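The structure under discussion appears below in the form of structure tokens.
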């Protein structure tokens with residue numbers, strides 16, 4: 001399992017190629033890429049700054065991947081999250097999950113992203129035409145994580 005918190009951009013294709021190199025047991029790869037968009041809650045956004053506590057963030061991401069591996073039969077995973085100053089259209093986060101079957105890959109990828117949004121200590125400060133503002137946690141992210149926590153099956157309720 002690969003976890004990287006970095007300022008530099010990443011190459012999605014290269015990361016997927018690295019994950020699947022010399023692996024004949026992988027039958028499915030699911031991925032998610034998060035980008036800086038130009039609006040949030042009907043307000044214009046011109047860029048953002050992401051901050052974190054390195055040791056805490058790495059531990060949280062490791063715990064999330066470990067929990068995903070307990071729930072589904074995943075073979076490998078990569079999580080890359082950028083920090084620092086980001087501009088519109090920049091990549092922020094990459095989650096890639098490899099599994100024998102697509103069902104496990106899809107669910108684990110969604111789970112990792114949902115829990116990354118609620119359990120990993122990242123803070124976003126958006127730049128807007130009116131000035132900078134810290135981004136509050138979204139209720140929808142917390143709801144998604146709660147559904148996973150309450151789930152006894154493969155998918156959230």
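Coordinate-derived values only; no laboratory data. Predicted model only: the values in this text are computed from it and were never measured. Positions of Cβ are backbone-derived with ideal geometry, glycine not excepted, and every protein chain shown enters the neighbour counts.
For the reader, a short list of remarks on this structure follows.
- Helix-only arithmetic for the chain: the sum of -39500 (n - 2.57) across DSSP H runs with n ≥ 4, divided by the residue total, places the mean residue ellipticity at 222 nm at -12000 deg cm²/dmol.
- Segment residue 147-residue 4, extension gain: residue separation times 0.36 nm, minus the distance between their alpha carbons: 48.8 nm
- Beyond 20 Å, the tail of the calculated P(r) for the stretch 17-143 holds 49 percent of the Cα pairs.
- Between helix 54-71 and the chain: long-axis angle, C-alpha atoms, 0 to 90°, nearest 10: 40
- Footprinting exposure proxy for 46, 118 (fewest neighbouring C-beta atoms within 10 Å first): 46, 118
- Angle in degrees between helix 139-150 and the longest Cα principal axis of the chain, rounded to the nearest 10: 20
- Ordering 7, 18 from the fewest to the most neighbouring beta carbons within 10 Å gives 7, 18.
- Per-residue extension of 0.36 nm, minus the Cα-Cα distance of residue 33 and residue 88, leaves a gain of 18.4 nm for this segment.
- Value of relative contact order over the chain, rounded to a whole percent, pairs C-alpha under 8 Å and six or more apart: 31
- Alpha-carbon centroid distance for the pair the stretch 39-103 / the stretch 1-26, whole angstrom: 13
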